[in-house]
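The values are calculated or read from the model by the stated rules, or taken from the named source; none is laboratory data. If you're wondering where the values come from, they're calculated on a predicted model, not measured in any experiment. Cβ atoms come from the backbone with ideal geometry, glycine included; neighbour counts cover every protein chain shown.
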Amino acid sequence: MNPRGSLEVLEEKEDSAPILGPSIHSDNPQERIQARRLRIAARLEARRREALGEYLDGKKESEEDQSKSYKQKEESRLKLAKLLLCGTELVTNIQVAADIREIHRRVEEEEIKRQRLEKLENEVKTSQDKFDEITVKWEEGKQKRIPQELWEMLNAQQVHCAGLIEDKNKLINELQQELKTKDDQYVKDLKKQSDDICLLLERMEEQVKNVMKSFRQELYHIEKAFEAERQELLTSNKKKWERALQAHNARELEYLMNRIKRVEDYEKQLNKQRIRDCEEYNSIKIKLEQDVQILEQQLQQMKATYQLNQEKLEYNFQVLKKRDAESTVIKSQQKRKTNRLHDVLINLRSKYNKQVKLFQEENRSLTSDYKRLVTQFKELQKAMRHFALIDDKQFREIWLMNEEEAKDLISRAFDVDRIIHMQHLGLPWTAPDFWFLRNVGPISQQQKSATHILEEVLMQAEEEGAEESESESYLDLPKQVSAKTTRKILMLLCDESGFLIEKKLLGLLLPLEKDECYMLRLDAIFSALGIENEDDLYKLVNFFLKYQAHHLPPPQEQTSLVSALEPVEQLVLQGEKSGSLAEGEPQEQKPPPSPRLIHPNDVLKILEAFVMGLRKPRDFQVPVKLLKVVRDDSKDSEYWKALSTVIPSTKQNLWDALYTALEKYHLVLTQRAELLVENQCLEQQNTELQQLLQQYLDSRINSELQAPPTQVFRVPTK
Amino acid sequence: MQETLTTPSLSGPSQSSISTQDRSSTAGQTSSTGPPPSKPSTIPPPVKSKGPSSRAGVRRMRRIIAEDVEWSLAIVPLLTELCIQHIVKNFQNNPILKQLLPEHQKKVLNNLPPNLPLTVTANLIDDENYWRRCCLQRWPVCHVDKHGGSWKRMFFELHLGNLLKHFIPSSTDPAVILNLLPLCRNYVRTIRVDQFLPPVQLLPPPQSGDLSDSGSEGEMEELATDHYQLGDLVAGLSRLEELDLVYGVKDCGMNFKWNLFLFTYRDCHSLAATVKACHTLKIFRLTRSKVDDDKARILIRSLLDHPALEELDLSHNLIGDRGARAAAKLLSHSRLRVLNLANNQVRALGAQSLAHALAHNTNLISLNLRLNCVEDEGGQALTHALQTNKCLTTLHLGGNELSEPTATLLSQVLSINTTLTSINLSCNHIGLDGGKQLLEGMSDNKTLLEFDLRLSDIAQESEYLISQALCANREAALQRALNPTHFMSPITAKGPENPVG
């Protein structure tokens, strides 16, 4: 994330903070996604920080603010709460007291009521009795006839009634008395209640006053505490602010200086730019004016040419019109002519048909002739070949014979030379090593025939099955292609171009072995194609490979087709070929981009192309080949000469010198021999003489002699 | 010298500043919405006033111009000023207010006399300041807080209450009140009437003899002691939320008669119908009106399934067990939050029925049974109900002849219940052992904030310990209240009033 992006995001965030949803305006969706992610992260962060901060704040408050304001607040709160509680209790105490008084009153009232009711009931009973008595007496009075009695009774009745009424009145009075006392009680209660209310009011007022006073006091304390804290905060903040302000001022000044410098720079640049622009402008203006003038001139010219052209065209138009008229006339003439020519054409056609028939017949006869000739030629060729072979053979045999003879001689010469060197000269002898000494058979640069190679290839392929390591070393194939590839291609060729082989041959081939069969078939095919030697064969193989590389259709189709035909073999083939080609690639100038299979169907096309390509060089190769058949014997003479001069002339000189020396030596030796013989004779005479001497000595005479000769001289003791 | 300087110096700048402001506005007003009759008079002045005003603009900066002998600070009043004065003077006949510019409106309202007829002002003036002046002029003590902080509402509510207070059936014209209805229907939300005058009896001359007097009273009660029927009035007030009535007479002095304090059956029926028809009513108070069981039942029957009612106050009446049973039925058939039956004659049976309703109630927050005679049976039932109730926060059982058994049960409830915040058991006979048990219950409770046990025969020690526990609870509650939100007003101070308000 580059800082610019994040800044943008932040701005955007600020802008679109209240708007939710995908409202981050950006062309790049990635950027938007990024921005949203950032925004979410920021929000989460903020929330977390808020919670944390709150928590921290709370903690801080409990830790730091406890110093003054918080402590003061807490203290005052507790104090005031207590005050309020006590005050309300004090005030409500009156109500509670009134309540309990009321309850007591009610209880008493109930009691009194009950008593009163009892009393009244009793009274009612008694008065009822009295009343009943009186009413009974009224009944009695009705029966009384005597006025005195009646009067008496009436009096008594009156007295009774008076008593009753008195009772009632008494009761009423009592009740009224009670009522009065109740009234008094009520008045008292009223007074009491008014007193209570007064007290309540008083207490409330007092409470209000107290509360107000204490609240004010606490407020004052709290304010003081806050004031002190605020003062501290203010001073610290002021210091901070001043520091920040100074820093800010310094930075601002720096910015200002920078800005002034930059402004000056820009002004200079602007001036320069302006001047340059002015010049440029002027030059452009001049140029453009010139251009305008030129263009105007051109315009005039164009106008002139236009007029000219117009006139010309008009004239042309006239001419064309006339020509048109003429052409119509000509057209009619031509029509007539075509009709005539048509007739002629029909005639000619019939003639042509006749001619064709004629020529066909001729052709047939000629072809038969040709065929005959060809067979003759072939026979001739065969014979020639036969003779050539025989000649060759003979030549070879003779050659070998001669060579053997020469070699014998040479070896003898070498032996002699060696003896001379070793025995007579006492020098170390080294056998001279010449190329021609190793040569056996007639010398030739003759190329291997195609069949020969074929054989080799096939053989090699067989060998390969047994031991692969030898494969590269043997045949010097690796020009571009490995033996294996070649073999594959050849097999393919063999399979596909059976039509090139004569049917007779095919019939003959049937009982043969597979390899041999291939050999013969290929031989036939090559002979048909005109491939005769190694080069041609490799050309063919290379041609195959290149063709495949250049002309192949897309590989998939190809492989599918191939796999349908011979799945396993082809795949193996492909693998092998790719491997083999990989080896050959670095040597190749234009390696086939990818080794592919050759589709059997393509083989024919390739062959056709190859044959077409081969024909041209073949045409002028024919005489060369003929020459080649007459083998060059320039080297032969050389060879033979070389053979004859195996012993160089210096050596011969040496030999000559040696010879003379030896002659001399021989002479000396013969002389010596004669001398020796002479010597022997002398010796013999000597011995004989000695014997005689001995005899003489040994004879008795000696002993008898005074001075025997033996004593006199020393007999040689031999 | 100083006086002359100081007094104009206060008015001088303000006038001049207004003059500069008003020059353009008066022109605009005269061209657009000036009333036709005043037009000819207003057109010329702008031309004239331009001179002085411009001169004033030049001289405004200076207090005194010593070289000018005739200089005086008394400036000729501006035309706008004059117009405003005129409007104020003729406001009663030709009220022009809405067409004026806002600053002019303010000025007019500041200068209007507070004794204008309500027919003019009621629906025209919304300015609180004007109504404040009206209120302060009429009533020396004004608690605007009791009227939602609105002076206008307060004025109309007090005015209506005043009219009702002095309404005498059959002699006062009902039109007096009904005429006011269209004027105050949008503003009155509360009706508080603490006296209803009975019809004046002109026929019976003062007779000597108490018996005959009382007899005649009895007869006349049936005839014509019905009070003013609120039905029409309440039906007209579309925003009525609170009804606070006392059927009684104040300041009767020596003219006291029992029939002055009579809440007749007709009154009761009409009031019941009125209350039932008023669907916006939230608070209904009927106190000190001698409501007995039958009347209470009539009233409560009409209140069943009321859509809005939240508070019912029938304190200081004569309601017995049957009335209490009706109230209990109401509890389960309404959304009542506050029920006040203080100072009635509810006994154990009524309390039991209330407890039965309370056990599964989820609306009631406060229950007041002060000064009844519930006794231990009722008290036990109520405390038992508190075991299952999860809503009630305030319970007042002061002066109910309760004793130890209730206290033991309550101590068990205290350790279970977590919603109760205030209990009042003052003026009972709880006794020493009961106090100890309550203390035990308190030790497990963490939510109770108030527990009044004054004058209930408890040992001082346990009372002190209970108050200590309460104190701890209060602190905890305060902390709880402070932590989620910053600096909220402590709940303890307003605890019992919260559900009411």
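Below is a table of values for the structure above.
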{"item": "Residue check, B:Leu453 crowded, with 21+ Cβ neighbours inside 10 Å and out of contact with any Leu (no Cβ under 6 Å at 6 or more places or on another chain)", "result": "no"}
{"item": "Some residue of the range B:378-390 being within 14 Å of chain A (Cβ to nearest Cβ), at pLDDT 90 or above and touching a strand residue (DSSP E or B) at 6+ places or on another chain (Cβ under 9 Å)", "result": "no"}
{"item": "Count - residues of the range B:459-473 that are surrounded by fewer than 16 Cβ atoms within 10 Å (Cβ to Cβ), among the aliphatic types (A, V, I, L, M) and away from chain A (no Cβ under 14 Å)", "result": "1"}
{"item": "Index of the failed condition, B:Ser456 passing every other in (1) within 17 Å of A:Asp99 (Cα to Cα); (2) at pLDDT 90 or above", "result": "(2)"}
{"item": "Selection from the range B:145-169 of residues that are hydrophobic (A, V, I, L, M, F, W, C) and crowded, with 16+ Cβ neighbours inside 10 Å", "result": "B:Trp151, B:Met154, B:Phe155, B:Phe156, B:Leu158, B:Leu160, B:Leu163, B:Leu164, B:Phe167"}
{"item": "Qualifying residue in the range B:398-420 (condition: in a loop (DSSP other than H, G, I, E, B), over 37 Å from the mean Cα position of the chain (by Cα) and more than 14 Å from every other protein chain (Cβ to nearest Cβ))", "result": "no"}
{"item": "Flag if A:Ala156 is surrounded by 13 or more Cβ atoms within 10 Å (Cβ to Cβ), within 14 Å of chain B (Cβ to nearest Cβ) and either outside any helix (DSSP H, G or I) or not hydroxyl-bearing (Ser, Thr, Tyr) (or both)", "result": "no"}
{"item": "Top-ranked residue in the range B:305-318 [being touching a strand residue (DSSP E or B) at 6+ places or on another chain (Cβ under 7 Å) and of a type in the set (A, V, I, L, M); ranked as surrounded by the fewest Cβ atoms within 10 Å (Cβ to Cβ)]", "result": "B:Leu318"}
{"item": "All positions within the range B:421-458 that are assigned to a loop (DSSP other than H, G, I, E, B) and away from every other protein chain (no Cβ under 14 Å)", "result": "B:Thr421, B:Asn445, B:Lys446, B:Thr447, B:Leu448"}
{"item": "Single unsatisfied condition, B:Ser411 versus (1) buried (at least 21 other Cβ atoms within 10 Å of the Cβ); (2) at pLDDT below 90", "result": "(2)"}
{"item": "Filter result for the condition that a residue is farther than 30 Å from A:Ile647 by Cβ, of a type outside the set (Gly, Ala, Ser) and modelled with pLDDT under 80, over A:Gln446, A:Gln376, A:Gln381, A:Gln360", "result": "A:Gln446"}
{"item": "Residue selected from the range A:384-404 under the condition of a type outside the set (D, E, K, R) and under 18 Å from A:Leu643 (Cβ atoms), by the criterion surrounded by the most Cβ atoms within 10 Å (Cβ to Cβ)", "result": "A:Trp399"}
{"item": "Any chance A:Arg418 is assigned to a helix (DSSP H, G or I), touching a residue at least 24 places away in the same chain (Cβ under 8 Å), within 30 Å of A:Thr645 (Cβ to Cβ) and more than 60 Å from the chain's Cα centre (by Cα)", "result": "no"}
{"item": "Close pairs (7 angstrom Cβ cut-off, 6 or more residues apart or separate chains): under 16 Å from B:Ser411 (Cβ atoms) in the range B:443-462, acidic (Asp, Glu) anywhere", "result": "B:Leu453/B:Glu463"}
{"item": "Complete set of residues in the range A:77-96 that are touching a residue at least 40 places away in the same chain (Cβ under 8 Å) and within 8 Å of another protein chain (Cβ to nearest Cβ)", "result": "A:Leu84"}
{"item": "Evaluation of B:Ala342 against (1) surrounded by 22 or more Cβ atoms within 10 Å (Cβ to Cβ); (2) within 14 Å of chain A (Cβ to nearest Cβ); (3) modelled with pLDDT of 90 or more (one fails), failing number", "result": "(1)"}
{"item": "Test: residue in the range A:99-106 that is touching a residue at least 60 places away in the same chain (Cβ under 8 Å), surrounded by 14 or more Cβ atoms within 10 Å (Cβ to Cβ) and within 9 Å of chain B (Cβ to nearest Cβ)", "result": "no"}
